[in-house]
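The values are calculated or read from the model by the stated rules, or taken from the named source; none is laboratory data. Please read these numbers as outputs of a predicted model, since none were measured by experiment. In case anyone asks, the SASA skips ligands and DNA or RNA and just uses the protein heavy atoms, side chains included. Shrake-Rupley method; radii C 1.70, N 1.55, O 1.52, S 1.80 Å.
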Amino acid sequence: TAADPPLPKLVDFGLARGDDIGAAVTQSAGAIGTPSFMAPEQTGLDPALGPVGPATDIHGLGATLFCMLTGHAPYRADTARAALARAAEAASPAPALRAARVPADLRAIVENCLRGRPLARYGSASDLADDLARYLDGAPVGVRPAGPGERLLAWARRRPVPAALVAVALLFAAGG
């Protein structure tokens, strides 16, 4: 009913397995996760990237957004080994975002999440959430500096009445 409190749901994007696999799902060696979604540091193939940490979660959110926008994983390949290699080298999936006609600001957000070096991604989930909120509000996002024309257009979309008044005033000034 409407008076019941919201019920949280836990969703995982590829790690769940059916009961028929048994208890030995976790391996003692090797990378744990879905290879075509993994952050480069998560693969364990490049020790210079450092340990798994919060930046890995940022990458995971970006990979999920990428999949939602394009219909496929960012590092898809024919085999798990090939997908791991693509993830380890952070093979850029950006052309797929352009092919899916993802708006430039949203594309910049996802691309920032999927950067190969953990320190090049968003510094925190809050930073990512702030950029997503700016995108939803029609404001320029922090990871893609907008030019003056884009900033003006975004302002006009957020405030159509003042924008229309300014446009009319400019037309009268140009005509007079």
With a 1.4 Å probe and every protein chain left in place, tell me how much accessible area residue 171 has, in Å² to the nearest 10. 130 Å²
Report residue 34's accessible area, 1.4 Å probe, all protein chains in place, as a number in Å² to the nearest 10. 40 Å²
Would you rank 113, 67 by solvent-accessible area, highest first, keeping every protein chain in place and using a 1.4 Å probe? 67, 113
